[in-house]
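Following: one structure in structure tokens, then a few remarks.
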Amino acid sequence: MTTEQHELAKAYRPADFEAATYERWLAADVFAPDGAGSRADASKPPFVVIQPPPNITGALHLGHALTSTIEDVMIRHARMRGHPTLWLPGLDHASIAAQYVLDQIIAKEGESRESLGRERYLERMWQFINATREVMLGQQRRIGASLDWGRLRFTMDEGSARAVRVAFTRLYDEGLAYRSEALINWCPGCRTSVSDLEVIPTEESGTLWTIRYHLIDEATGESSQTEWISVATTRPETILGDTAVAVPPDDDRYKALVGRLARIPFVERNVPIVADDVVDPAFGTGAVKVTPAHDKTDYEIGQRHGLAMITVLADDATINEQGDGYVGLDRYEARDRIVRDLDARGDLEATKPHPMLIGRCQRSNDVIEPRLKTQWFVRVAPLAALSLEATRSGRTTIVPSRFEKVWEHWLTSIHDWNVSRQLWWGHRIPAWYCPDGHVTVSAEAGGPSACGTCGRPAGELVQDPDIFDTWFSSGLWPFSTLGWPDETEDLRRYYPGSVMETGYDIIFFWVARMMMLGIHLAENIPFRTVYLHGLVKDPYGKRMSKTKGNVVDPLHAIDESGADALRFALVHGTSPGNDQKFRTEKLDDGRNFANKLWNATRFVLGARPSWIPADAARVAPDVSHLGPAERWIRSRTAAAIQAVDKGLAELQLAEVTRTLYDAIWSEYCDWGLELAKVRLADANVPAAAREATWWTLVESLDTYLRLLHPVMPFVTEELWAAIPHAAQDPDLLIVADWPAPGARDLAAEADVDAIIELVRAIRNARAEAGIVAASWLPVEVAVPARFGFAFEALAPAIARLTRARPLTIHANHAALQTAAPTGLAVIAGDFEARVMTAASGPSDGDRARLEKELAEAEGFLAAARARLANEGFTSKAPAAVVEGARAREAELAETVGRLKARLAG
RNA sequence: GGGCGGUUAGCUCAGUUGGUUAGAGCACAUGCUUGACAUGCAUGAGGCCACUGGUUCGAGUCCAGUACCGCCCACCA
């Protein structure tokens, strides 16, 4: 195989290659599990990630970028491990959200839903989404998402449409979907019903009015002027629909009134006084007006007591013909008028401010009105039970597990799902009504040929004008995208999915619905793992929103810092289920890291021993020529592989970036390259050894690029193309093999770590003493026998890093003291050194540093001794811990002794 | 009203099953154009781990409670 010699630019400029790199992946056809460039091992189980299809309403935000990145990390990792991977792209038609956006757009053009009419409105919608579609898909490509574009799906395409029809028909036939009049949440702004989940309880200051309902005199049948019952309400306009007054069952104040009648003002209706447990005697007057058609609790009271249910609001939240005297008034105008009129009648007893929760529409923010409507519902209890069984049995696990509690609670107290919406953009409910009122539900694309009950021809049937809740089609996503209801090869192979990844904010909207519908309709759980990420918040912990103006545009971030930097920033800050605060400085960290890696690679390429050809194929370093530094590098790389594997297995992705950032920057670059640099340039080192050093650098770099690829795919692909490859390597890193775990070399790690500590200590002494950084000074070091070999091997590098000239080695401390009675004293672990300054004896600054070190060491020593003096510790702590404490004590005592000796001398 | 999460350096966050001296990045201070990298290098300063009590030889870590912040759920009109 020929290695494509890729010239590396001097500076890291992501904009110069990211787009081209993505094109190379596309051209190689590596995203699809069965693509031409796939190196998947068909015998391995497929790895399927289910992506929440973003709403086709416009631009993607940071939350989308986070989702795409996390999923791409999972997919790329699985792909490199040789699994056939499926990550299916898609878009959601987002019926209510899309209509809301489009309504605002056409409003600016002076149009409205009504002025356009259904057909033209829908044409306009297609026009709109055709424009946003490419923009949104382009954004996903820019972030590097390796989605299988050949399988792109849209929730309004025919595949989804058919799945919706079949799913609903099946539910209907099984009695799990039904049409009924019930109290639903009505949004006057959107002119549609919405589900309970779409109602946002909002803390607001309202008013609590206490009003009088006069009792009916049992003798005369007339409204009494002396007897009344006082009720408290926050919504006086609903008086018009009152059909009872409810009191607590055993309340002495009201016992005698139960069974009597009260007169509702304005509409002059006589209603019963009933006793009901739900009434709290401590709230308000202890008596409550009952409006069954406009309040959830009242509705239940109404059902229990067989009360009339009178709807007084029209679809636009004005008072309808039931509200005698107030017809046509807006609900709030009617409220004001009614309060005034009550006051005028002398029936307004009290007015006081009242903090309360008001339900607002998630989309339009309009105040939701509960009201009676005939709607389609899905009976979810049996489906919820199946979903609970799936998580309880562990067939599906939720990460993080604390969300299982939330899941349990919601699914055990779930209400039937109102699936019909009085909107236009969406899947039409496949129900037809004949003039006799028969209902025919049909999965046929063209509708039923005749009424299923009486046989009237199709021409006489009228289809339900309503459409489905967006989440109904989203709920079918894991299987509708694989060809369901047909028993396709894809469905067999890729269902259930491996991981369903999304934000915790749509656990009920989407995750629970997929689970319920998947288990029932596709007859298996839709996914084995639910991974929930947190929300991306602004630097102050507030939700990002356009109205707040605190949004960070992912594309802008990519323009500024590169897609890899954005991905790094997002992954670095994420942990399962937890929100992250995002500040743009985080992008700098990612970009700087990529830049560091870029330059490290340039260094390694430039440090190639001249006799190795530039296009040489990769060879493993000759182990017989490895020095301590090389062994250390390899061992640290092996440690990184372990840590990264662990992080990925546990879905602790921030652990992965942390590990790699430290390993690459603080270990490989700061010490690995610095130590190797000297050896590579040292003419005294045999060629074979220098060769081994270089191949070690290449080998570790190669491993780090592979490990980092899932998180930072662009820069790693670009850099990988420039380094030597092994014969079995593919052309592209994206399909290269994931690194195999290697063995640690703890002896080498211990040696080099100790030497690093010495180098740091010498630098510190020099800096504290104010020695000019560039000056070279003689350094004398006492090297304990056990470090002898490693120290000698690394001596040239140590000399360079400490600016020691010459660097003289002594066999023991006594020899050092004799040879170098003066100079800056450096005591680091078992090493002791002297930096020979011109001055003789410890200077004041030197003395201060040593005294500080002594005080510190003495403090630790005292603590160690106290611990060991504690009989409880020595008898109860594990032997290894006690042993460690003893060793620690000895070491500290040694250090203290040497510091004291130095200060005395 | 019920439940969940958070509280560790100025800021953003790590901290494995309790065990030597609590870490990182950014910001800060000082000094460096050291032939990969100033998007950098070196060195340093900076923490009563929210509070109270308990368990333990030993607590940032486990338990109970408190405070504050955030979120979810819920039929006080």
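For first residues located in the stretch A:886-905 and of a type in the set (A, V, I, L, M), partners that are within 15 Å of RNA strand B (Cβ to nearest atom) and open to solvent by 80 Å² or more (accessible area, probe 1.4 Å) and lie 6+ apart or on another chain with Cβ distances below 8 Å form the pairs A:Leu892/A:Phe860; A:Leu903/A:Glu851. Taking (1) more than 16 Å from RNA strand B (Cβ to nearest atom); (2) within 30 Å of A:Ala161 (Cβ to Cβ); (3) modelled with pLDDT under 95 in turn, A:Pro33 satisfies each apart from (3). Among the residues of the stretch A:857-886, just one is within 7 Å of RNA strand B (Cβ to nearest atom), over 45 Å from the mean Cα position of the chain (by Cα) and part of a helix (DSSP H, G or I), namely A:Gly872.
Residues satisfying the criterion are present in the stretch A:122-136 (criterion: within 18 Å of A:His61 (Cβ to Cβ) and open to solvent by 70 Å² or more (accessible area, probe 1.4 Å)).
Only a single criterion out of (1) in a loop (DSSP other than H, G, I, E, B); (2) more than 18 Å from A:Glu717 (Cβ to Cβ) is not satisfied by A:Phe31, namely (2).
Restricting attention to the stretch A:592-625, and to residues there that are more than 40 Å from the chain's Cα centre (by Cα), crowded, with 16+ Cβ neighbours inside 10 Å and not aliphatic (A, V, I, L, M), which single residue is nearest to RNA strand B (Cβ to nearest atom)? Looking at the filtered set, the residue picked out is A:Arg608. Kindly indicate which of A:Trp484, A:Trp510 is in contact (Cβ under 8 Å) with a residue 12 or more places away in the chain, crowded, with 20+ Cβ neighbours inside 10 Å and touching a Ser or Thr at 6+ places or on another chain (Cβ under 9 Å). Sole residue among the options that is in contact (Cβ under 8 Å) with a residue 12 or more places away in the chain, crowded, with 20+ Cβ neighbours inside 10 Å and touching a Ser or Thr at 6+ places or on another chain (Cβ under 9 Å): A:Trp510. Screening the stretch A:261-333 for strands (runs of 3 or more DSSP E) wholly inside it with 2 or more residues that are farther than 17 Å from A:Trp209 by Cβ returns the ranges A:261-264, A:269-275.
Exactly one residue out of A:Ala689, A:Ala676, A:Ala663 is outside any loop (DSSP other than H, G, I, E, B), under 26 Å from A:Phe791 (Cβ atoms) and touching an Asp or Glu at 6+ places or on another chain (Cβ under 8 Å), and it is A:Ala676. When the stretch A:244-267 is filtered for residues that are within 16 Å of A:Leu307 (Cα to Cα) and open to solvent by 10 Å² or more (accessible area, probe 1.4 Å), the ones remaining, listed by number, are A:Val258, A:Gly259, A:Arg260, A:Leu261, A:Arg263. Checking A:Arg79 against (1) surrounded by fewer than 20 Cβ atoms within 10 Å (Cβ to Cβ); (2) basic (Lys, Arg); (3) under 28 Å from the mean Cα position of the chain (by Cα), only one condition comes out false. Which one? Of everything listed in (1) surrounded by fewer than 20 Cβ atoms within 10 Å (Cβ to Cβ); (2) basic (Lys, Arg); (3) under 28 Å from the mean Cα position of the chain (by Cα), A:Arg79 misses just condition (1). Within the stretch A:770-815, the residues that satisfy the criterion of being within 10 Å of RNA strand B (Cβ to nearest atom) and surrounded by 13 or more Cβ atoms within 10 Å (Cβ to Cβ) are A:Ile771, A:Arg800, A:Leu801, A:Thr802, A:Arg803. Looking at the stretch A:214-227, I want the residues that are among the small types (Gly, Ala, Ser) and have a partner that is surrounded by 15 or more Cβ atoms within 10 Å (Cβ to Cβ) with Cβ atoms under 6 Å, at least 6 apart or on another chain. Which pairs are those? From residues that are among the small types (Gly, Ala, Ser), the pairs are A:Ser223/A:His214; A:Ser223/A:Arg263; A:Ser224/A:His214; A:Ser224/A:Leu215; A:Ser224/A:Asp217.
Count of the stretch A:891-904 residues, restricted to those that are more than 8 Å from RNA strand B (Cβ to nearest atom) and open to solvent by 60 Å² or more (accessible area, probe 1.4 Å), is 4.
Close contacts from the stretch A:294-314, counting a first residue that is over 14 Å from A:Glu181 (Cβ atoms) and open to solvent by 60 Å² or more (accessible area, probe 1.4 Å) and a second that is away from RNA strand B (no atom under 15 Å from the Cβ) and not hydroxyl-bearing (Ser, Thr, Tyr), with Cβ to Cβ under 8 Å and a gap of 6+ residues or different chains, come to A:His305/A:Pro272. The set of residues in the stretch A:775-829 that are among the aromatic types (Phe, Trp, Tyr) and either within 23 Å of A:Pro628 (Cα to Cα) or more than 56 Å from the chain's Cα centre (by Cα) (or both) comprises A:Phe787, A:Phe789, A:Phe791. When A:Glu501 is tested against the conditions (1) of a type in the set (Asp, Glu); (2) more than 16 Å from RNA strand B (Cβ to nearest atom); (3) open to solvent by 10 Å² or more (accessible area, probe 1.4 Å), the lone failure is (3). Within the stretch A:545-583, restricting attention to residues that are touching a residue at least 24 places away in the same chain (Cβ under 8 Å) and over 18 Å from the mean Cα position of the chain (by Cα), which residue is surrounded by the most Cβ atoms within 10 Å (Cβ to Cβ)? Checked the stretch A:545-583; the qualifying residue surrounded by the most Cβ atoms within 10 Å (Cβ to Cβ) is A:Gly562. Considering the conditions (1) open to solvent by 60 Å² or more (accessible area, probe 1.4 Å); (2) assigned to a helix (DSSP H, G or I); (3) more than 23 Å from A:His709 (Cα to Cα), A:Asp589 is excluded by exactly one of them, (3).
Every listed requirement among (1) within 11 Å of RNA strand B (Cβ to nearest atom); (2) open to solvent by 60 Å² or more (accessible area, probe 1.4 Å) is met by A:Glu227 save one, (1).
Looking at the structure I just gave you, is A:Phe508 more than 18 Å from A:Ser160 (Cβ to Cβ) and touching a Leu at 6+ places or on another chain (Cβ under 7 Å)? Yes. Among the residues making up the stretch A:520-535, those that are open to solvent by 20 Å² or more (accessible area, probe 1.4 Å) and either among the β-branched types (Val, Ile, Thr) or in contact with a Leu (Cβ under 7 Å, 6 or more places away or on another chain) (or both) are A:His520, A:Thr529. Scanning the stretch A:443-465 for residues that are closer than 25 Å to A:Val419 by Cα and not in a loop (DSSP other than H, G, I, E, B), we see that the one that is most open to solvent (accessible area, probe 1.4 Å) is A:Val462.
If you go through the stretch A:392-419 and pick out every residue that is in a loop (DSSP other than H, G, I, E, B), of a type in the set (Ser, Thr, Tyr) and within 11 Å of RNA strand B (Cβ to nearest atom), you end up with 2.
Looking at the structure I just gave you, is A:Ala683 in a loop (DSSP other than H, G, I, E, B) and either open to solvent by 50 Å² or more (accessible area, probe 1.4 Å) or closer than 18 Å to A:Ala743 by Cα (or both)? It is true that A:Ala683 is in a loop (DSSP other than H, G, I, E, B) and either open to solvent by 50 Å² or more (accessible area, probe 1.4 Å) or closer than 18 Å to A:Ala743 by Cα (or both).
One line per residue, one yes/no per condition, for (1) within 22 Å of A:Asn595 (Cα to Cα); (2) near RNA strand B (Cβ under 10 Å from one of its atoms):
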position	(1), (2)
A:Tyr661	yes, yes
A:Glu667	yes, no
A:Arg679	no, no
A:Asp682	no, no
A:Ala689	no, no
A:Val698	yes, no
A:Leu705	yes, no
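The residues on offer are A:Gly241, A:Gly206, and the sole one that is within 47 Å of the chain's Cα centre (by Cα), in contact (Cβ under 8 Å) with a residue 60 or more places away in the chain, more than 9 Å from RNA strand B (Cβ to nearest atom) and under 30 Å from A:Ile414 (Cα atoms) is A:Gly241.
The values are calculated or read from the model by the stated rules, or taken from the named source; none is laboratory data. Source: prediction; values computed, not measured. Don't worry about glycine lacking a Cβ; one is built from the backbone with ideal geometry, like all the others, and counts go over all protein chains shown. Just so you know, the surface numbers come from the protein's heavy atoms only, side chains and all, with ligands and any DNA or RNA stripped out. Shrake-Rupley method; radii C 1.70, N 1.55, O 1.52, S 1.80 Å.
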